[in-house]
1. Could we say that Y86 is more than 12 Å from the chain's Cα centre (by Cα) and of a type in the set (S, T, Y) here?
2. Can you name the condition, by its number, that V67 falls short on among (1) surrounded by 15 or more Cβ atoms within 10 Å (Cβ to Cβ); (2) among the hydrophobic types (A, V, I, L, M, F, W, C); (3) under 17 Å from T45 (Cα atoms)?
3. For the condition in contact with a strand residue (DSSP E or B) (Cβ under 7 Å, 6 or more places away or on another chain), under 30 Å from T136 (Cβ atoms), of a type outside the set (G, A, S) and modelled with pLDDT of 95 or more, what is the one hit in P58, P47?
4. Just to verify a result, which residue in region 4-21, among those that are without any contact (Cβ under 8 Å) to a residue 40 or more places away in the chain and small (G, A, S), is nearest to L61 (Cα to Cα)?
5. Does at least one position in region 22-31 carry a residue that is assigned to a helix (DSSP H, G or I), touching a residue at least 12 places away in the same chain (Cβ under 8 Å) and under 19 Å from S106 (Cβ atoms)?
6. In the set S95, S100, which member is surrounded by 14 or more Cβ atoms within 10 Å (Cβ to Cβ), polar (S, T, N, Q), at pLDDT 95 or above and in contact with a strand residue (DSSP E or B) (Cβ under 6 Å, 6 or more places away or on another chain)?
7. Restricting attention to region 114-139, report how many residues are farther than 13 Å from R26 by Cα, out of contact with any helix residue (DSSP H, G or I) (no Cβ under 7 Å at 6 or more places or on another chain) and crowded, with 16+ Cβ neighbours inside 10 Å.
8. What number of residues in region 66-106 are closer than 23 Å to A124 by Cβ and among the aliphatic types (A, V, I, L, M)?
Amino acid sequence: MRAPTRPAGARTIEELLGDARSRIGRLTPDEAAARVAAGALLVDTRPATQRARDGSVPGALVVERNVLEWRFDPCSHARLPQATGYDVEIIILCSEGYSSSLAADSLRALGLARTTDVIGGFDAWAAAGLPVVRGTGNP
């Protein structure tokens, strides 16, 4: 099967991901845990089915990806109480550390300059032996 011709200006997901990651200072799971202990918000953007199957991080704030920007934009009528301003330190956690990079970059574009993500996501967090509440194994 032949790849379709890309329209002028179109970019691949790898290009978008690379650009996003060039703008965020990504953290290892251990670095993220230390930042959370110092007051940063760990935000789990994984869907409920993944959290149920794989588990969760105790104390993480669950905000699914489809509403993330509305919940953290300090000017949004739908913001969370934790969205107290533009200086909140937010660490995004997804399953493997891909969509979290795009999400963190999106929050940075809203002016939340202290937003980053976890390299390797929840899988790396659990593999590092950091606190996890195990899921049911079923979605």
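The values are calculated or read from the model by the stated rules, or taken from the named source; none is laboratory data. It should be emphasised that the depicted structure is a prediction, and the values quoted were computed from it without experimental measurement. We place every Cβ from the backbone using ideal geometry, glycine too, and count neighbours over all the protein chains shown.
1. Working: more than 12 Å from the chain's Cα centre (by Cα): yes; of a type in the set (S, T, Y): yes.
Yes, satisfied.
2. (1)
3. On the way: P47 fails: in contact with a strand residue (DSSP E or B) (Cβ under 7 Å, 6 or more places away or on another chain).
Just a single option satisfies the conditions, and that option is P58.
4. So, considering only residues that are without any contact (Cβ under 8 Å) to a residue 40 or more places away in the chain and small (G, A, S), the one nearest to L61 (Cα to Cα) is G18.
5. Kept after step one, since they are assigned to a helix (DSSP H, G or I), are these residues of region 22-31: 22-23, 29-31.
When the remaining residues are screened for being touching a residue at least 12 places away in the same chain (Cβ under 8 Å), the result is 23, 29-30.
Next, from what is left, pick out any that are under 19 Å from S106 (Cβ atoms): 23.
Yes - at least one qualifying residue is present in region 22-31.
6. Values: S95 fails: in contact with a strand residue (DSSP E or B) (Cβ under 6 Å, 6 or more places away or on another chain).
Being surrounded by 14 or more Cβ atoms within 10 Å (Cβ to Cβ), polar (S, T, N, Q), at pLDDT 95 or above and in contact with a strand residue (DSSP E or B) (Cβ under 6 Å, 6 or more places away or on another chain) holds for just one of S95, S100, which is S100.
7. Of the residues in that region, 1 qualify.
8. The number of residues fulfilling the criteria is 8.
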